[in-house]
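One structure below.
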Amino acid sequence: YLFFFSCLVLIVLTRPTNILIGIFPLFYSIGNKESFLARVHYLFNKKASFLLALIAALLLIIPQFKYWHETAGKLITYSYGNEGFSNWKSPRLIEVWFSTNNGLFCYTPIVILGLIGIPVMIKNVKDKSWEGYFIAFLFLIMSYLFASWWCWWFGCAFGARSFVEYYALLIIPFSYLLDHLFKKKFYRYVLFAFIGFCCYLNMDMEYYYDGCFYGDTWD
């Protein structure tokens, strides 16, 4: 509990939307409603350990509270000023995924393999776990949030830096895809070729990149 809540507090302080990652343990190796409720019951059954770990983890927030109080006069402050999710009614999903201005798949095409691996994971995971569904759901939710942000390209960056934290989850279906294709010789070589191309593309673009993309959305 202590390790989990401490990590969760730190990643939420880094970026508030990361709180959704904290839900993942509830769905790990869970395949039906009964096992999900049993997991929730188990997590909250040890109330003393749960509360002690939660209090200890919350102590990590005290320096942030103090900083906010010193700079803004409030214990809790919205640090982004006038910035917000102004595109929530018309999220820029296509741009976030495919735009030359830091689009996810343009700069990190290997992520496609992680997404292709989700249905493979759902089909092959033991006990019909919900993990694959949750990863797909989380990817769509985070894509919507990032596409709703006023600065959907997130400023000067090499690619969609807002997705970096979620590579750790996408590597799970990616591994299922590798395991599935390695059993077929032809597809194994195709996979190697695509991964090699993605690595070459990233290295080549990094070599010429100067820190910011100065073109238009589809330039």
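The values are calculated or read from the model by the stated rules, or taken from the named source; none is laboratory data. What you see is a predicted model; the values in this text were computed from it and never measured. We place every Cβ from the backbone using ideal geometry, glycine too, and count neighbours over all the protein chains shown. These area figures cover heavy atoms from the full protein model, side chains too; ligands, DNA and RNA do not enter into them. Shrake-Rupley method; radii C 1.70, N 1.55, O 1.52, S 1.80 Å.
Here are some notes:
- Index of the failed condition, G31 passing every other in (1) in contact with a Ser or Thr (Cβ under 7 Å, 6 or more places away or on another chain); (2) open to solvent by 60 Å² or more (accessible area, probe 1.4 Å): (2)
- Candidates W130, W152, filtered to the one that is among the hydrophobic types (A, V, I, L, M, F, W, C), out of contact with any strand residue (DSSP E or B) (no Cβ under 9 Å at 6 or more places or on another chain) and within 15 Å of V96 (Cα to Cα): W152
- Some residue of the stretch 207-216 being modelled with pLDDT of 90 or more and hydroxyl-bearing (S, T, Y): no
- One residue stands out among those in the stretch 1-17 that are closer than 16 Å to S49 by Cβ and open to solvent by less than 60 Å² (accessible area, probe 1.4 Å): the one that is modelled with the lowest pLDDT, which is F5.
- Positions within the stretch 154-170 being within 19 Å of I110 (Cα to Cα) and surrounded by 14 or more Cβ atoms within 10 Å (Cβ to Cβ), in sequence order: A157, F158, G159, A160, R161, S162, F163, E165, Y166, L169, L170
- Y200 vs. criteria free of Cβ contacts under 8 Å to residues at least 12 places away in the same chain and either more than 30 Å from P25 (Cα to Cα) or part of a helix (DSSP H, G or I) (or both): yes
- The set of residues in the stretch 193-219 being among the aromatic types (F, W, Y) and either exposed (fewer than 12 other Cβ atoms within 10 Å of the Cβ) or over 30 Å from V120 (Cβ atoms) (or both) consists of Y200, Y207, Y208, Y209, F213, Y214, W218.
- Looking across the stretch 146-182, the residues that are of a type in the set (A, V, I, L, M, F, W, C) and more than 23 Å from C212 (Cβ to Cβ) come down to A168, L169, L170, I171, I172, F174, L177, L178, L181, F182.
- The C-beta contact set for the stretch 153-180 (first residue among the polar types (S, T, N, Q), second residue assigned to a helix (DSSP H, G or I) and surrounded by 14 or more Cβ atoms within 10 Å (Cβ to Cβ), distance under 8 angstrom, 6+ apart or interchain) comprises S162/M142; S162/F146; S175/G117.
- From P109, P119, residue being under 30 Å from D204 (Cα atoms) and either in contact with a helix residue (DSSP H, G or I) (Cβ under 9 Å, 6 or more places away or on another chain) or of a type in the set (G, A, S) (or both): P109
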